[in-house]
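Peer 1: Pasting a structure below so you can have a look.
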Amino acid sequence: MQEASAGKKLFEELAYKPKPAWDRLKGEERQRVFTLAEGYKAFLTAAKTEREANALILSEAEKQGFRPAEKVPGRLTPGTRLYYNNRGRSAALVVVGREPISAGFRLVGSHIDSPRLDLKPRPLYEEEGLALLKTHYYGGIKKYQWPVHPLALHGLVVLSDGRRRDIRLGEEAGDPVFCVTDLLPHLAYEQMEKKAKEVVSGEALNIVVGNLPYPEEEDVKERIKLAVLKLLRDTYGIREEDFISAELEAVPAGAARDVGFDRSMVGAYGQDDRISAYTSLRGLLEVRQPAKTAICLFTDKEEVGSMGNTGARSRFFENVLADLAHREGAESVDLAVRQALARGEALSADVNAALDPSYQEVSDKRNSALLGYGINLSKYTGARGKSGSSEASAEFTAAVRDLLNRHNVAWQPGELGKVDEGGGGTIAQFLADLGMDVIDAGVAILSMHSPFEVASKVDVYMAYRAYKVFWEPEK
């Protein structure tokens, strides 16, 4: 073979080009990718709401020795594993480090809510021979993607006396499913002339739930609605008024699936951002004696701005730090918290858009992440001039890059679309507001915010490894 020229050797030495993450796998590591993906698919199938995800995360954590913070007495010692459950919708898992919390911590933060259809407070009505439920969509969706998909209902109803009625209907074999209807092509001429965002209106996302009327009686006008109400009462013990104190979500029914002849990808609802939740959870469960306290934060409400007492903007995380500082015996808890935040380091674990070969025109190909090329690092997010974004410093970006390189974790840089095309945000800006160093680090996916998102299994694996070595570098 002809020896490479000096110029080619120099180019290979100096130039940067991401390489497929699959090429980094050695020995049995490829099988570990597929094994991890099986657990990930099971998680996606079981956890389709923030409450379900939170409960499953804490259940898995308890199996690995984590205990509720209120049940961990006395001073904290290195290696102590505890968790904080915030109203069943967000949580923080902690492995106490060898250094005091005032010396800083390492945090990986994700969110466990996903776009969906929420039921309105008074959802049930009857019209033209059907019983339907009115919805209010949650998060950024393409409304036209949601009709004619089988939907399941997940959530809970809290009765006026405080009793709970948990509902999960449409997932098991033999369960009924629900759906939003759409116009047949024969009658959709005017609909097809509309802009995509107007093809289906938010008020048209009504879910069909019944057609069988209550036995005929002269003074009963809404017989189909009455029949549905009777079924709800007989099955769950709820009345129409109880919908007002309910959290019921319509989500795509069915299990996560392998995608591709080679089964190299995962297709499922809710991978934004439960892909980060699962991989960070798996990484933290393997952390034993970190130098700095390792924290895995799972937040709610990211898809609607991170507001509320379970979102990243709440005081929940600061309260966690205050409790840790108090349990370590800090002389001034307030000072210790401020020092911890100023010295804290965080990965904002959230997905990014993978370059789609069918829609390349919306992306800058030189600065877009590719499916199967490893975890994506984004120095900034935001939209149109980085609006609504924090930006990682050069120093922190270099430190993370060096960490991943030293541990053979495949990574790639990426932005969300062309400069003036659009954009998006993560919880990074809210973590940065508290004073810590933050960079976005997550998996690039296809069809983000759709009922069926697609991720590469090797990227899932690289995210798990990245989060794990961030907390506790391998020797």
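The values are calculated or read from the model by the stated rules, or taken from the named source; none is laboratory data. Because the structure is predicted, anything quoted here is derived from the model rather than measured. Reconstructed Cβ throughout: ideal geometry from the backbone, glycine too, with neighbour counts over all protein chains shown.
Peer 1: Which ones in the range 418-460 are modelled with pLDDT under 95, surrounded by 18 or more Cβ atoms within 10 Å (Cβ to Cβ) and closer than 19 Å to Asn367 by Cα?
Peer 2: Hits for the range 418-460 are Gly423, Gly424, Gly425, Thr426.
Peer 1: Could you tell me how many of the residues in the range 1-32 are surrounded by 10 or more Cβ atoms within 10 Å (Cβ to Cβ), of a type outside the set (A, V, I, L, M, F, W, C) and farther than 30 Å from Ala463 by Cα? Let's see the steps before the verdict.
Peer 2: From the range 1-32, those surrounded by 10 or more Cβ atoms within 10 Å (Cβ to Cβ) are 4, 8-12, 18-25, 29-32; that's our starting set.
Filter again for of a type outside the set (A, V, I, L, M, F, W, C), leaving 8-9, 12, 18-20, 23-24, 29-32.
Checking which are farther than 30 Å from Ala463 by Cα leaves us with 8-9.
Result for the range 1-32: 2.
Peer 1: OK, next. Just checking, which of Glu247, Glu240, Glu217, Glu190 is more than 23 Å from Val148 (Cβ to Cβ) and loosely packed, with under 11 Cβ neighbours inside 10 Å?
Peer 2: Working: Glu247 fails: loosely packed, with under 11 Cβ neighbours inside 10 Å; Glu240 fails: loosely packed, with under 11 Cβ neighbours inside 10 Å; Glu190 fails: more than 23 Å from Val148 (Cβ to Cβ).
Glu217 is the lone residue from the list that is more than 23 Å from Val148 (Cβ to Cβ) and loosely packed, with under 11 Cβ neighbours inside 10 Å.
Peer 1: A further question on this structure: Starting from the range 396-418, keep only residues that are farther than 25 Å from Arg343 by Cα, then list their pairs with residues that are assigned to a helix (DSSP H, G or I) and among the polar types (S, T, N, Q) whose Cβ atoms are within a distance under 6 Å, requiring at least 6 positions of separation or different chains.
Peer 2: Glu415/Asn367
Peer 1: Would you mention how many residues in the range 37-63 are in contact with a strand residue (DSSP E or B) (Cβ under 7 Å, 6 or more places away or on another chain) and either outside any helix (DSSP H, G or I) or without any contact (Cβ under 8 Å) to a residue 60 or more places away in the chain (or both)?
Peer 2: Count: 3.
Peer 1: Which is under 23 Å from the mean Cα position of the chain (by Cα), more than 30 Å from Phe317 (Cβ to Cβ) and part of a strand (DSSP E or B), of Gly254, Gly267? Working first, answer last.
Peer 2: On the way: Gly254 fails: part of a strand (DSSP E or B).
Selected residue: Gly267, the only one of Gly254, Gly267 that is under 23 Å from the mean Cα position of the chain (by Cα), more than 30 Å from Phe317 (Cβ to Cβ) and part of a strand (DSSP E or B).
Peer 1: Shifting gears a bit: Please verify whether Leu76 is of a type in the set (A, V, I, L, M, F, W, C) and not in a loop (DSSP other than H, G, I, E, B), treating the condition exactly as stated. Explain how you work it out, then say what you get.
Peer 2: Working: of a type in the set (A, V, I, L, M, F, W, C): yes; not in a loop (DSSP other than H, G, I, E, B): no.
For Leu76, the condition - of a type in the set (A, V, I, L, M, F, W, C) and not in a loop (DSSP other than H, G, I, E, B) - is not met.
Peer 1: I need every pair where a residue in the range 461-475 that is over 19 Å from Val351 (Cα atoms) has its Cβ under 6 Å from the Cβ of a residue that is modelled with pLDDT of 95 or more and aliphatic (A, V, I, L, M), sequence separation at least 6 or different chains.
Peer 2: Trp471/Val287; Trp471/Ala294; Glu472/Val287
Peer 1: Hey, another quick one. Checking the conditions here, which among Val228, Val208, Val266, Val200 is under 17 Å from Val177 (Cα atoms), buried (at least 19 other Cβ atoms within 10 Å of the Cβ) and in contact (Cβ under 8 Å) with a residue 12 or more places away in the chain?
Peer 2: That would be Val228, the only listed residue that is under 17 Å from Val177 (Cα atoms), buried (at least 19 other Cβ atoms within 10 Å of the Cβ) and in contact (Cβ under 8 Å) with a residue 12 or more places away in the chain.
Peer 1: Check Arg288 against each of (1) part of a strand (DSSP E or B); (2) at pLDDT below 95 and name the one condition it does not meet.
Peer 2: It fails just one condition, (1).
Peer 1: Right, here's the next one. Looking at this structure, is Ile101 crowded, with 22+ Cβ neighbours inside 10 Å, in contact with a helix residue (DSSP H, G or I) (Cβ under 7 Å, 6 or more places away or on another chain) and over 27 Å from Glu249 (Cβ atoms)? First the steps, then the outcome.
Peer 2: Values: crowded, with 22+ Cβ neighbours inside 10 Å: yes; in contact with a helix residue (DSSP H, G or I) (Cβ under 7 Å, 6 or more places away or on another chain): yes; over 27 Å from Glu249 (Cβ atoms): yes.
It is true that Ile101 is crowded, with 22+ Cβ neighbours inside 10 Å, in contact with a helix residue (DSSP H, G or I) (Cβ under 7 Å, 6 or more places away or on another chain) and over 27 Å from Glu249 (Cβ atoms).
Peer 1: If you check Gly109 against the conditions, is it under 24 Å from Thr299 (Cα atoms) and not basic (Lys, Arg)?
Peer 2: Numbers: under 24 Å from Thr299 (Cα atoms): yes; not basic (Lys, Arg): yes.
Against the criterion (under 24 Å from Thr299 (Cα atoms) and not basic (Lys, Arg)), Gly109 qualifies.
Peer 1: Check the range 24-36 and report whether any residue there is touching a strand residue (DSSP E or B) at 6+ places or on another chain (Cβ under 9 Å) and in the same structural domain as Gly308 (by TED's automatic domain parsing). I'd like the intermediate steps shown before the answer.
Peer 2: Pass one, the range 24-36, residues touching a strand residue (DSSP E or B) at 6+ places or on another chain (Cβ under 9 Å): none.
Among the residues of the range 24-36, not one is touching a strand residue (DSSP E or B) at 6+ places or on another chain (Cβ under 9 Å) and in the same structural domain as Gly308 (by TED's automatic domain parsing), which makes the answer no.
To keep it simple, each residue is scored yes or no on (1) at pLDDT below 95; (2) more than 20 Å from Phe470 (Cβ to Cβ); (3) under 16 Å from the mean Cα position of the chain (by Cα); (4) among the hydrophobic types (A, V, I, L, M, F, W, C).
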position: Tyr40; (1), (2), (3), (4): no, no, yes, no
position: Lys48; (1), (2), (3), (4): no, yes, yes, no
position: Asn54; (1), (2), (3), (4): no, yes, yes, no
position: Glu62; (1), (2), (3), (4): no, yes, no, no
position: Thr77; (1), (2), (3), (4): yes, yes, no, no
position: Tyr83; (1), (2), (3), (4): no, no, no, no
position: Arg106; (1), (2), (3), (4): no, no, no, no
position: Pro121; (1), (2), (3), (4): no, yes, no, no
position: Glu126; (1), (2), (3), (4): no, yes, no, no
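Peer 1: Moving on. When you scan the range 59-92, how many residues do you find that are charged (D, E, K, R), within 18 Å of Phe316 (Cα to Cα) and buried (at least 19 other Cβ atoms within 10 Å of the Cβ)?
Peer 2: Qualifying residue count for the region: 1.
Peer 1: May I pose another question? Of everything in the range 398-416, what is buried (at least 18 other Cβ atoms within 10 Å of the Cβ) and in a loop (DSSP other than H, G, I, E, B)? Give them in sequence order.
Peer 2: Val409, Ala410, Gly414, Glu415, Leu416
Peer 1: Report, by residue number, each residue of the range 386-397 that is over 21 Å from the mean Cα position of the chain (by Cα), over 14 Å from Ala441 (Cβ atoms) and in a loop (DSSP other than H, G, I, E, B).
Peer 2: Lys386, Ser393
Peer 1: Starting from the range 287-307, keep only residues that are without any contact (Cβ under 8 Å) to a residue 40 or more places away in the chain, then list their pairs with residues that are assigned to a loop (DSSP other than H, G, I, E, B) whose Cβ atoms are within a distance under 6 Å, requiring at least 6 positions of separation or different chains.
Peer 2: Met307/Lys301; Met307/Arg313
Peer 1: If you check Asp175, Asp161, which single one turns out to be exposed (fewer than 15 other Cβ atoms within 10 Å of the Cβ) and closer than 19 Å to Glu52 by Cβ?
Peer 2: Numbers: Asp161 fails: closer than 19 Å to Glu52 by Cβ.
Step by step, each of Asp175, Asp161 is checked, and only Asp175 is exposed (fewer than 15 other Cβ atoms within 10 Å of the Cβ) and closer than 19 Å to Glu52 by Cβ.
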